[in-house]
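As structure tokens, the structure follows; a few thoughts come after it.
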2 protein chains.
Amino acid sequence: MGKNQNVYDDEIFFEGYKGIRAQENNYNKLQEQPAIKSLLPDLKGKRILDLGCGYGDSCSYFIEKGAQKVVGIDISKKMLEVARKENSHENIEYLEKSMDDIENLSGKFDLVYSSLALHYMEDFEKLLMDINNLMRKDGEFIYSQEHPLSTAHRKGLRWTRGEDGMGIHYNLANYMKSGKRETTWFIDGVIKYHRTFSEIINTVNECGFQIEKILEPLPSEEDIKLIPKMVQDFHKPNFLILKLGKK
Amino acid sequence: MGKNQNVYDDEIFFEGYKGIRAQENNYNKLQEQPAIKSLLPDLKGKRILDLGCGYGDSCSYFIEKGAQKVVGIDISKKMLEVARKENSHENIEYLEKSMDDIENLSGKFDLVYSSLALHYMEDFEKLLMDINNLMRKDGEFIYSQEHPLSTAHRKGLRWTRGEDGMGIHYNLANYMKSGKRETTWFIDGVIKYHRTFSEIINTVNECGFQIEKILEPLPSEEDIKLIPKMVQDFHKPNFLILKLGKK
């Protein structure tokens with residue numbers, strides 16, 4: 001898939017992903033989205049950049065919350081087709097573009113937002129420096145990624161399960177081995193990049209950010225009623241969310 | 001053991017601990033100590049506070065490196081007896097004191113240092129605020145603790161092992177369940193407090209610190225020759241070390 005991985009334009013992947021997004025309840029809707037949205041500042045009059053905007057749902061949300069201008073970028077033509085159909089607005093601009101290629105975007109942003117996209121990126125440092133350059137002095141960068149305890153995984157079973165099928169413990173291996181992971185998600189060969197906690201924090205720090213808040217979201221009792229296997233998240237969370245300011 | 005836990009004055013614990021510390025090679029000597037010491041600034045002329053100083057080895061080290069004054073506090077009378085015997089110096093002051101009880105220490109410090117003691121402390125927030133108050137404006141707080149992936153553990157086997165006895169994966173459970181852990185280390189009922197990454201980072205942040213560096217140390221090839229089971233650390237590290245400045 002190379003540097004600018006674009007699995008979302010693969011037919012099988014795209015259909016599988018569409019199926020997940022259409023579910024009434026899933027991990028994104030119940031956990032990741034409420035958690036990352038809880039970190040947003042007041043958006044009135046703000047200029048916002050959404051990295052890996054996908055279907056553009058968050059772009060629409062930002063406009064609803066009073067944003068002045070939203071730029072959504074995504075590497076996938078198919079995702080942007082959906083975005084332009086379902087989440088079109090005169091103040092939203094969609095650009096087909098890799099996150100590796102944002103350094104020439106024009107203007108500065110009050111908020112850079114990215115939901116579950118950064119673990120696909122090989123060059124974390126370049127990306128963070130580009131983002132920092134695109135931010136206004138008092139701007140914020142809020143992003144979510146798969147939790148490092150998830151991305152650590154290489155092969156074999158993720159969970160050791162009890163008789164009821166629920167995970168008793170998570171089979172953690174290779175956590176300290178940073179780098180490329182090839183996983184199967186609808187299709188083989190989906191590439192993600194694992195980074196340890198210390199690597200994430202130190203890189204963010206060295207690239208001119210200060211940490212304002214970190215979240216490792218947990219399911220509510222209501223969530224567990226809807227998706228019982230979410231109790232496993234008390235053993236190993238699924239998401240890591242950072243709210244960063246400029247130093 | 002209550003709030004001011006003092007296992008180190010238990011006879012059996014103290015003898016067991018003495019045995020470990022007397023080993024030529026162990027996790028502390030090969031991993032934790034080189035890593036935490038690598039974060040130290042120039043110590044010439046500095047005033048240093050060592051929280052949980054134990055035998056006082058680090059207090060002596062700070063004096064060797066040119067520190068002007070070192071205050072070592074420890075809750076254990078037995079540990080301090082050894083410290084006063086083996087690491088006595090006119091510019092080192094040893095105080096028998098719980099870390100819960102440092103708010104009235106006199107003077108401000110350039111460096112607050114603590115090696116593998118903070119995971120015994122229930123009230124992390126109070127401790128951090130007390131430490132922040134004891135630091136000069138440009139002071140630093142450098143501390144190590146057991147890694148959160150270690151303190152998460154509640155009961156059962158920590159590792160799933162292969163035929164050669166080496167850990168294939170770490171049995172991670174209860175990572176998101178913060179709080180008290182009762183473990184056996186020479187004696188039953190040693191109390192530690194587990195905190196997640198996000199809890200550590202957010203508390204440190206809210207208590208007026210900014211993160212300068214985080215380490216999750218790994219063994220060198222040389223270390224693994226000396227202690228072969230250290231290869232397991234690539235699956236799950238043992239220590240977390242933070243270098244913090246004042247905001």
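Answer yes or no: is there a residue in the stretch B:4-14 that is modelled with pLDDT of 95 or more and under 24 Å from B:Asp130 (Cβ atoms). Looking through the stretch B:4-14, none of the residues is modelled with pLDDT of 95 or more and under 24 Å from B:Asp130 (Cβ atoms). Filtering the stretch B:108-143 to residues that are of a type in the set (Phe, Trp, Tyr) and under 20 Å from B:Pro34 (Cα atoms) leaves B:Tyr113, B:Phe141, B:Tyr143. For the stretch A:231-247, a residue qualifies if it is surrounded by fewer than 20 Cβ atoms within 10 Å (Cβ to Cβ) and in a helix (DSSP H, G or I), and the qualifying residues are A:Val231, A:Phe234. Checking each residue in the stretch B:80-108 for being out of contact with any strand residue (DSSP E or B) (no Cβ under 9 Å at 6 or more places or on another chain) and not basic (Lys, Arg) picks out B:Glu81, B:Val82, B:Glu86, B:Glu90, B:Asp100, B:Glu103, B:Asn104, B:Ser106.
The test for being under 25 Å from A:Asp233 (Cβ atoms), acidic (Asp, Glu) and surrounded by fewer than 21 Cβ atoms within 10 Å (Cβ to Cβ) does not hold for B:Glu212.
When A:Asp123 is tested against (1) farther than 19 Å from A:Gly208 by Cβ; (2) under 17 Å from the mean Cα position of the chain (by Cα); (3) modelled with pLDDT of 95 or more, just one condition goes unmet, and that condition is (1). So, A:Met166, is that one within 17 Å of A:Leu51 (Cβ to Cβ) and of a type outside the set (Ser, Thr, Tyr) or not? Considered against the rule, which asks whether it is within 17 Å of A:Leu51 (Cβ to Cβ) and of a type outside the set (Ser, Thr, Tyr), A:Met166 comes out as no. Out of A:Gly45, A:Gly72, A:Gly66, one residue alone is of a type in the set (Gly, Ala, Ser) and either in contact with a helix residue (DSSP H, G or I) (Cβ under 6 Å, 6 or more places away or on another chain) or closer than 23 Å to A:Pro219 by Cβ (or both). It is A:Gly72. The residues in the stretch B:56-75 that are surrounded by fewer than 21 Cβ atoms within 10 Å (Cβ to Cβ) and touching a Phe, Trp or Tyr at 6+ places or on another chain (Cβ under 7 Å) can be counted, and the count is 0. Scanning for something more than 22 Å from B:Asp233 (Cα to Cα), touching a residue at least 40 places away in the same chain (Cβ under 8 Å) and in contact with a helix residue (DSSP H, G or I) (Cβ under 8 Å, 6 or more places away or on another chain), does the stretch A:171-184 turn up at least one residue? Within the stretch A:171-184, none of the residues are more than 22 Å from B:Asp233 (Cα to Cα), touching a residue at least 40 places away in the same chain (Cβ under 8 Å) and in contact with a helix residue (DSSP H, G or I) (Cβ under 8 Å, 6 or more places away or on another chain). Of the candidates B:Ile201, B:Ile191, the single residue that is touching a Lys or Arg at 6+ places or on another chain (Cβ under 7 Å), under 28 Å from A:Leu215 (Cβ atoms) and surrounded by 16 or more Cβ atoms within 10 Å (Cβ to Cβ) is B:Ile191.
Quick test for you: out of A:Lys37, A:Lys108, A:Lys78, pick the one residue that is within 25 Å of A:Glu212 (Cα to Cα), in contact (Cβ under 8 Å) with a residue 60 or more places away in the chain and of a type in the set (Lys, Arg). Result of the check over A:Lys37, A:Lys108, A:Lys78: A:Lys108.
Under 30 Å from B:Met176 (Cα atoms) and either under 16 Å from the mean Cα position of the chain (by Cα) or within 14 Å of chain B (Cβ to nearest Cβ) (or both) - does that describe any residue in the stretch A:89-112? Scanning the stretch A:89-112 turns up at least one residue that is under 30 Å from B:Met176 (Cα atoms) and either under 16 Å from the mean Cα position of the chain (by Cα) or within 14 Å of chain B (Cβ to nearest Cβ) (or both). From the set of residues in the stretch A:41-75 that are under 10 Å from A:Leu111 (Cβ atoms) and in contact (Cβ under 8 Å) with a residue 60 or more places away in the chain, which is nearest to the chain's Cα centre (by Cα)? Restricting to residues being under 10 Å from A:Leu111 (Cβ atoms) and in contact (Cβ under 8 Å) with a residue 60 or more places away in the chain, the top hit is A:Asp50.
The values are calculated or read from the model by the stated rules, or taken from the named source; none is laboratory data. Source: prediction; values computed, not measured. Every residue, glycine among them, receives a Cβ derived from its backbone with ideal geometry; neighbour counts consider all protein chains shown.
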